[in-house]
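Notes for the one structure printed next.
Values in this text are rule-based calculations from the coordinates and carry no lab data. Here the structure is a predicted model, which means the values were calculated and not measured. Cβ sites come from the backbone with ideal geometry, for glycine too, and all protein chains shown count toward neighbours.
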Amino acid sequence: MAHNPPILHTNLTLIETADKTLLDMFFQDASTRPFLVARLSDTVAAVQPDKFEMLLNRLKKLGHTPKVLAE
């Protein structure tokens, strides 16, 4: 079985939720789904490049209080 080499992504914005149900909700919601690229695990998804601010604003309008971390 062939193994693909690992890929390192730089400047990748992720969203991590406290539980699977919340991320499920974001993928099902027509107002947040367009900002999400792919689900990486039960609680983590990649965000569209350059769409972080729009997603952050939308989450706040929905009543969420996101914690933003920068590396």
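Which trypsin sites (Lys or Arg not before Pro) in the stretch 1-60 sit in a loop by DSSP (not H, G, I, E or B) and have at most 16 other Cβ atoms within 10 Å of their own Cβ? Answer in residue order: Lys51.
Length gained on full extension, Thr43 to Asn4: 11.6 nm, using 0.36 nm per residue less the C-alpha separation.
Only Lys, Arg, Asp and Glu carry charge here, each on its Cβ (+1 for the first two, -1 for the last two); on that basis the stretch 19-71 has a dipole of about 160 debye about its Cα centre. Modelled spin labels at Ala30 and Met54, positioned 7 Å past Cα toward Cβ, are 1.6 nm from each other. In a Gaussian network model over the chain where Cα atoms closer than 10 Å are linked, find which of Leu36, Leu12, Leu23 has the largest mean-square fluctuation. Answer for the Gaussian network model of the chain: Leu12.
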